[in-house]
Amino acid sequence: MRSRAEIERPPQGPPQPRPGVRLVPIGYRQAPSWTGELARRIGHVLGGAVGIETARLSLESALDVHRGQYNALTLLEGLIALPGSERLLGIVAGDLFIPMLTHVFGQAQLNGRGAILSTYRLDNAVYGLAPDDTLFAARLAKEAIHELGHAFGLVHCHDPDCVMHSSMYVEEIDLKREDLCSDCRQRLSGAAV
Amino acid sequence: MPSPQPRILIVDDEAAVRDSLRRWFELEGYAIEVAESGAAALRRLQQESFDVALVDLKMPGMDGVTLQHRMQEVTPDTAVIIVTAFGTIQSAVEVLKHGAFDYLTKPVDPDELSRMVRRALELRELRVQNARLRQAVDHRGGLVIVGETAAMRALNAQVEEAAHADVPVLICGESGTGKHLVATALHAASARRYFSFVPVHCGAGGELGDDELLGHEGGAQPQPQLRRMGKLQLAEGGTLFLDEVGQLGRRTQSALLEILRSGTFTPLGGTRPRPADFRLIAASSVPLDALVEQARFSADLYYRLAVLTLTCPPLRERRSDIPLLARHLLQRRAAQASAPFTDFSPGALERLVAHDWPGNVRELANAIERALVVGRPPLVGAEDLPLGPTPAPSHASAPHATAADDLSLAAVEQRHITQVLERCQGDRSRAATLLGITTEALEQKLARLAPPAARG
């Protein structure tokens, strides 16, 4: 079991260069204002270049009109059809689901190319609370790193502080740190790329 | 040691559901397999085992209910979670009655799904642990009492037979002959072995407190009292072992008799009687029938205790077992103390066999333990066993030849008391028990019978 001190020590030096990541906003007329800051935060934790995709993808085919939600698996299929070799993180404003589950914050291919993330349940407004841009940006960064972590081969972590810890509620996202624990960082370094 | 990756089988005819659940659980770090039908699931289950199976209720061909029934036969340890849509909950309840772990209704809250699978895995782990513990307890059920003489072989056979008969057993034998061990072996080989073995030594004060025996339900009268479980409650489902039952006071004898008669008992402060669900094993180093004759033990209780009677022979009556038993004790004690002793010297063995062992196996064990402290490995020598001169066998009732001249009752009594005291190595409390009198009475007799020379 890791000691608390070990868990809380600062990130261990500059991360090794990794294959690039491309952020793919889906359903937006133009790239949202937070994409630049999000790219910086992802790069800080995962390393490697983080770019922003300009090609537009359609949301329509993924919409389930009965549920009023978007099918994450359909979106993933469209996402990974994009050319290139970088890991892709699709970001949508609408609520996501996968068959069987009521909703998901995001979905990823384990050790695959694509991951998808919804900003819908990260926003305080959904819970009737006052908007908080700082909190929203932190939640977005944590969930983006989390889903990309899966794409880089990481599974859920038992360490509640680790960004790879599974979060079922937005409060749980707030509790974890915007960083990998030492175990996950080690696994990431050793993961095939 | 890290636990192996939990294995989950997803059975659903919809490819989208199989795919989404597989992806979802893979991110949790589980090993996932999928099957598109009940038949395909059974084929997989014949090849490999799974910790949890998520089974769709409505499937073409074999439905979830039939599959769950078949899984009970093929792989009963797999926890089955049935997945159903609203409107078919009645069917889900039906499968719960047939052993499914739980059911979920579509669409499932991700938190609920994760928690349910975690609980199912915990249950599976507990079942595995339980099986391991049962195996360990079953292994202890093979407990045997060391000895190869005819008497000990007969005793082992009697223990084996008596263990399976759920009736009271009375174990007789001198102090230190292994009555407690026999009681433990009876419990460990019985159907009650998964419940508690509760030993109660009746020698301390003669009477057991009501709250100690019956327990207390708690309450405020006459003074605030915490709830306390009595020995009978602690032994529920298991075995109550009353050691030195002959020393039980009359009041406790009556209470116990009433419990055995009625098959119930009521804890102090309680209003409703509880069933007395325990097996009673009693032991006595004093012949209980003699105590009954002296009206010191309830005849009714005696007959209820002595449904089956086993007798542990004294060590001096199975001398040929002494080398075997001594080596067994030496190995066990040496291993516990990490002492490199391997055996006894021939002289030591001779000495062990020649000694009368009035304290029986307990005395032998103590002598060996002392030898491990004072002796030099690897062999225990005769000099490491400072056994006193072998006292005259106490079971010999003939008076000493030298004292045969004086046949007065007082002289015979004095000689008998002296013999018993020698046998007990001067322990007056134990001698009093063997003589069937109180320690105070023995003290009075010793004071009265002491020869003038002893009075100084």
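The values are calculated or read from the model by the stated rules, or taken from the named source; none is laboratory data. All values derive from a computational prediction rather than experimental measurement. Neighbour counts run over all protein chains shown; Cβ positions are idealised from the backbone, glycine included. All accessible areas refer to the heavy atoms of the entire protein, side chains included, with ligands and DNA or RNA removed. Shrake-Rupley method; radii C 1.70, N 1.55, O 1.52, S 1.80 Å.
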In the range A:74-89, residue farthest from A:GLY149 (Cα to Cα) [restricted to those that are open to solvent by less than 20 Å² (accessible area, probe 1.4 Å) and free of Cβ contacts under 8 Å to residues at least 60 places away in the same chain]:
A:LEU75
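In this structure, does A:VAL24 turn out to be more than 30 Å from A:HIS158 (Cβ to Cβ), in contact with an Asp or Glu (Cβ under 8 Å, 6 or more places away or on another chain), at pLDDT 85 or above and not small (Gly, Ala, Ser)?
Details: more than 30 Å from A:HIS158 (Cβ to Cβ): yes; in contact with an Asp or Glu (Cβ under 8 Å, 6 or more places away or on another chain): yes; at pLDDT 85 or above: yes; not small (Gly, Ala, Ser): yes.
Taking the combined requirement at face value, the residue satisfies it.
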Looking at this structure, is B:ARG127 more than 30 Å from B:HIS328 (Cα to Cα), modelled with pLDDT under 85 and in the same structural domain as B:ASP12 (by TED's automatic domain parsing)?
yes
Tell me which of these B:GLU161 doesn't satisfy, since it passes every other one: (1) free of Cβ contacts under 8 Å to residues at least 24 places away in the same chain; (2) closer than 14 Å to B:LEU280 by Cα; (3) of a type in the set (D, E, K, R).
(2)
Subset of the range B:156-182 [open to solvent by 30 Å² or more (accessible area, probe 1.4 Å), farther than 21 Å from B:ARG362 by Cβ and of a type outside the set (Asp, Glu)]
B:ALA157, B:GLN158, B:HIS164, B:ALA165, B:VAL167, B:PRO168
When you scan the range B:66-102, how many residues do you find that are more than 40 Å from the chain's Cα centre (by Cα), crowded, with 16+ Cβ neighbours inside 10 Å and modelled with pLDDT of 85 or more?
3
Go through (1) of a type in the set (A, V, I, L, M); (2) over 18 Å from A:VAL24 (Cβ atoms); (3) open to solvent by less than 50 Å² (accessible area, probe 1.4 Å); (4) not in a loop (DSSP other than H, G, I, E, B) and name the single condition A:LEU154 misses.
(4)
Could you please let me know if A:SER118 is modelled with pLDDT of 95 or more and either of a type outside the set (Phe, Trp, Tyr) or farther than 20 Å from A:LEU46 by Cα (or both)?
yes
Report the residue count in the range A:80-110 for those that are within 14 Å of chain B (Cβ to nearest Cβ) and at pLDDT 90 or above.
15
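Given the criteria open to solvent by 20 Å² or more (accessible area, probe 1.4 Å), within 14 Å of chain A (Cβ to nearest Cβ) and not in a strand (DSSP E or B), does B:GLU112 qualify?
Details: open to solvent by 20 Å² or more (accessible area, probe 1.4 Å): yes; within 14 Å of chain A (Cβ to nearest Cβ): yes; not in a strand (DSSP E or B): yes.
Considered against the rule, which asks whether it is open to solvent by 20 Å² or more (accessible area, probe 1.4 Å), within 14 Å of chain A (Cβ to nearest Cβ) and not in a strand (DSSP E or B), B:GLU112 comes out as yes.
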Tally up the residues in the range B:144-182 that are assigned to a loop (DSSP other than H, G, I, E, B) and of a type in the set (A, V, I, L, M, F, W, C), please.
5
Count, please, the residues in the range B:1-29 that happen to be more than 10 Å from chain A (Cβ to nearest Cβ), open to solvent by 30 Å² or more (accessible area, probe 1.4 Å) and aliphatic (A, V, I, L, M).
1
Can you find a residue that is open to solvent by 40 Å² or more (accessible area, probe 1.4 Å), within 25 Å of A:GLU77 (Cα to Cα) and within 14 Å of another protein chain (Cβ to nearest Cβ) anywhere in the range B:30-37?
yes
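Between B:ASP300, B:ASP343, which is acidic (Asp, Glu) and in the same structural domain as B:ASN156 (by TED's automatic domain parsing)? First the steps, then the outcome.
Details: B:ASP343 fails: in the same structural domain as B:ASN156 (by TED's automatic domain parsing).
That would be B:ASP300, the only listed residue that is acidic (Asp, Glu) and in the same structural domain as B:ASN156 (by TED's automatic domain parsing).
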Residue satisfying condition, being open to solvent by 20 Å² or more (accessible area, probe 1.4 Å), hydroxyl-bearing (Ser, Thr, Tyr) and closer than 26 Å to A:THR74 by Cβ, within set A:SER118, A:SER166:
A:SER166
